[in-house]
Amino acid sequence: MKILFLGDVVAKSGREAVIRNIKPLKSEYGADFVIVNGENAAHGKGITATFYSRLVSAGADVVTLGNHAYSKSEIIKSVDLCPSLVFPGNLRSSDGGRGYVIKDVYGVKIAVVSLICEAFMCDVENNPVKAMEQLLGKIRADQIIVDLHGESTAEKMIFARYFADRVSAVVGTHTHVQTADERIISGCAFITDVGMCGSYDSVLGRDAEESVRRFVHKEQTRYTPATGPAILCGCLIETDNRTGRAVRIERIQRRPSGSY
Ligand code: FE2
């Protein structure tokens, strides 16, 4: 099974790039299944049912979220309209959502789990390790792919080490900066952070000048997403359908043409 995972889609720049590129990337890598983290899809924070639908129409099989899952509160009323949207299972406000979905892909049941890390993150109700143990008691699938959304590199690595024998992949998200540490740990594909799909000329997808004004000059600014061409970040995970174990992970990074 070849699984294409695209990192955090940030605002219009990221959305348009992902919508334009899912099918070409799927075909280039021969991917059978596509997971997209859409937690920043709507103006940099949260997602709406409309943007979820556009990602699915473009080829995403599952859309995962993160700490901004409920930033656009209207999504709570639209949960039933978004059957392939995965809310983090251990967010305090996760009543309306779901911590995982299971998809049948050519007879193979793939579970996609979303969890939030504990370190430097807000509104975490349950430690992700405890939450994962509970989910493993419920999930009946051949392969389990975890989107682990968090700030701390060590926490994501520790989680992957701990669950490596029981899940097929742990893909880190949230920092928007891709790490070059993809590897296979005991049959589990792992990358600390897969990176973002959003404006390349930005600070993590946010307008760069505004970020400087806020951080350096302490100006009270609203969040303005950056515009311009996007960087596309993701990874391709290959699993063995007989064993459910990962055999390969390849990092994907496409910068806008002419950029350095
Ligand atoms: Fe996040």
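Surrounded by fewer than 18 Cβ atoms within 10 Å (Cβ to Cβ), within 14 Å of the ligand (Cβ to nearest atom) and either among the charged types (D, E, K, R) or farther than 22 Å from Glu39 by Cα (or both): does that describe Glu133?
no
Among the residues of region 64-86, is any of a type in the set (D, E, K, R), away from the ligand (no atom under 14 Å from the Cβ) and at pLDDT 95 or above?
no
Do you know which of the residues in region 17-49 that are within 15 Å of the ligand (Cβ to nearest atom) and aliphatic (A, V, I, L, M) is nearest to Gly195 (Cα to Cα)?
Val36
From the list Ala189, Ala180, which one is aliphatic (A, V, I, L, M), modelled with pLDDT of 95 or more and assigned to a loop (DSSP other than H, G, I, E, B)?
Exactly one residue qualifies, and that residue is Ala180.
Using beta carbons and a limit of 9 Å, which pairs, at least six apart or on different chains, have the first residue in region 208-224 and more than 17 Å from His43 (Cβ to Cβ) and the second one loosely packed, with under 13 Cβ neighbours inside 10 Å and not small (Gly, Ala, Ser)?
Arg213/Glu219
Which one of the conditions (1) hydrophobic (A, V, I, L, M, F, W, C); (2) in contact with a strand residue (DSSP E or B) (Cβ under 8 Å, 6 or more places away or on another chain); (3) surrounded by 14 or more Cβ atoms within 10 Å (Cβ to Cβ) does Val203 fail to meet, given that it meets all the rest?
It fails just one condition, (2).
Quick test for you: out of Tyr100, Tyr106, Tyr52, pick the one residue that is in contact with an Asp or Glu (Cβ under 8 Å, 6 or more places away or on another chain), more than 16 Å from the ligand (Cβ to nearest atom) and not basic (Lys, Arg).
Tyr106
Any residue in region 230-237 that is hydrophobic (A, V, I, L, M, F, W, C) and out of contact with any strand residue (DSSP E or B) (no Cβ under 8 Å at 6 or more places or on another chain)?
So far as region 230-237 goes, no, none of its residues is hydrophobic (A, V, I, L, M, F, W, C) and out of contact with any strand residue (DSSP E or B) (no Cβ under 8 Å at 6 or more places or on another chain).
If you check Ala208 against the conditions, is it surrounded by 24 or more Cβ atoms within 10 Å (Cβ to Cβ) and not basic (Lys, Arg)?
Against the criterion (surrounded by 24 or more Cβ atoms within 10 Å (Cβ to Cβ) and not basic (Lys, Arg)), Ala208 does not qualify.
What are the pairs with Cβ atoms under 8 angstrom where one residue, in region 45-56, is closer than 17 Å to Asn67 by Cα and the other, located anywhere, is basic (Lys, Arg)? Sequence gap at least six, or different chains.
What qualifies is Lys45/Lys72; Gly46/Lys72; Ile47/Lys72; Thr48/Lys72.
Of the conditions (1) surrounded by fewer than 17 Cβ atoms within 10 Å (Cβ to Cβ); (2) away from the ligand (no atom under 16 Å from the Cβ); (3) part of a loop (DSSP other than H, G, I, E, B), Tyr162 satisfies every one except a single condition; which number is it?
(3)
Which of (1) over 14 Å from the mean Cα position of the chain (by Cα); (2) within 14 Å of the ligand (Cβ to nearest atom); (3) not in a loop (DSSP other than H, G, I, E, B) does Gly14 not meet, given it meets every other one?
Going through the list (1) over 14 Å from the mean Cα position of the chain (by Cα); (2) within 14 Å of the ligand (Cβ to nearest atom); (3) not in a loop (DSSP other than H, G, I, E, B), Gly14 breaks only (1).
Applying the selection to region 241-255, what residues are of a type outside the set (S, T, N, Q) and free of Cβ contacts under 8 Å to residues at least 60 places away in the same chain?
Arg242, Arg255 - these are the residues of region 241-255 that are of a type outside the set (S, T, N, Q) and free of Cβ contacts under 8 Å to residues at least 60 places away in the same chain.
Of the residues that make up region 106-123, is at least one surrounded by fewer than 24 Cβ atoms within 10 Å (Cβ to Cβ) and polar (S, T, N, Q)?
No: region 106-123 contains no residue that is surrounded by fewer than 24 Cβ atoms within 10 Å (Cβ to Cβ) and polar (S, T, N, Q).
Confirm whether Ser186 is crowded, with 18+ Cβ neighbours inside 10 Å and not β-branched (Val, Ile, Thr).
no
The values are calculated or read from the model by the stated rules, or taken from the named source; none is laboratory data. What you see is a predicted model; the values in this text were computed from it and never measured. All Cβ positions, glycine included, derive from the backbone under ideal geometry; neighbour counts span all protein chains shown.
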